[in-house]
Amino acid sequence: MLRAAIFDIDNTLIKGRSSERIFIKYLLKKGIITPLDMLRFLYTFLFELLTFRGLYLKNNKSYLKGKEPSIVKEEASHCFREHIAPFITPKAREEMERKRAEGYTIILISGTLDVLIEGFKEALGASAAVGSNLQRADGVFTGRLEGTHPYGLGKASILQGLALRMDIDLKNSYAYADHYSDVEFLGMVGHPVAVNAHPVLKLYAHRKGWSVVEF
């Protein structure tokens with residue numbers, strides 16, 4: 001069986017930052033998305049918030065509605081190299097290389113967009129990477145997600161599926177994440193690590209005897 005080191009991305013590999021927010025700013029600057037696209041995004045966000053559809057808020061990618069996947073993917077590659085990769089912390093890279101040298105398979109699971117996670121996978125030499133899958137229809141993005149969203153219980157479910165497909169020994173594996181929503185994900189492995197932890201996760205991790213580190 002494989003031993004794996006499974007990493008979250010936002011505020012774990014890149015401290016205090018959201019790769020999707022960086023990408024949104026980049027797309028606005030490039031003119032790929034417009035202020036009107038962002039107004040639609042905010043309207044959808046507020047509507048779902050005010051109608052108590054909280055579970056759907058993270059599914060809102062309406063700023064990409066109608067955009068061609070090939071263009072967005074190409075811009076994601078450029079954005080990653082120029083504006084995101086430099087924020088991967090040295091300590092995160094060191095920990096990843098240490099685990100690789102110890103024989104662990106590197107895996108990334110994150111709520112960041114699928115078009116962005118490919119850059120992380122290539123740059124970090126990960127064997128597998130799962131992000132939020134942007135839904136496509138009629139050759140363009142719909143502005144929604146499809147499949148299991150890598151957040152909360154969804155992230156844990158994705159890890160379980162990968163463990164079955166890749167024959168991963170979870171009891172002898174490591175997982176790294178920053179937020180309290182990741183407790184189910186972290187709790188699936190024998191060696192959970194709270195990284196740059198949200199105060200609630202930090203308290204929970206100390207109570208459970210988990211490792212708490214800063215990248």
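Taken together, the values in this text are just the output of simple stated rules run on the coordinates, not laboratory data. If you're wondering where the values come from, they're calculated on a predicted model, not measured in any experiment. Virtual Cβ from ideal backbone geometry, glycine too; neighbours counted across all protein chains shown.
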Past 24 Å, Cα to Cα: identify those pairs from 73/99; 15/171; 25/99; 99/121; 29/155; 30/91, in the order given. 73/99; 15/171; 25/99; 29/155; 30/91
Under 18 Å by backbone N from the virtual spin label 7 Å along Cα-to-Cβ at residue 87, the residues of the stretch 184-212 are 195-198
With Rh as the Kirkwood radius over Cα pairs, the stretch 111-207 has Rg/Rh of 1.01
Take residue 203 and residue 101, extend 7 Å from each Cα along the Cα→Cβ direction, and tell me the distance between the two endpoints in nm. 3.8
For residue 108, other-chain or 5+-apart residues with amide H closer than 5 Å (H placed, Pro excluded) are 7, 128, 129, 130
Who wins for biggest fluctuation among 117, 109, 32 in a Gaussian network model of the chain, springs between alpha carbons below 10 Å? 32
Return the inverse of the average 1/r over all pairs of distinct C-alpha atoms in the chain, which is the Kirkwood hydrodynamic radius, in Å to one decimal. 17.8
On the formula 1/(1 + (r/R0)^6), with r taken between the Cβ atoms of residue 71 and residue 135 and R0 of 22 Å, the FRET efficiency rounded to 0.05 is 0.85
To the nearest 20 debye, what charge dipole does the chain have about its Cα centre, counting +1 at the Cβ of each Lys and Arg and -1 at the Cβ of each Asp and Glu? 340
Using a Gaussian network model of the chain whose springs link C-alpha atoms within less than 10 Å, name the residue from 187, 154, 31 with the highest mean-square fluctuation. 31
Just tell me, in residue order, which DSSP H segments of the chain are both 20 angstrom or longer along the helix axis (alpha-carbon based) and at least 0.0 in mean Kyte-Doolittle hydropathy. 35-50
May I ask for the distance between the Cα centers of the stretch 136-215 and the stretch 60-104, given as a whole number of Å? 17
Looking at the chain, which longest stretch skips every one of the GluC sites (Glu not before Pro) that is in a DSSP loop with at most 10 other Cβ atoms within 10 Å, leaving the sites themselves out? 103-213
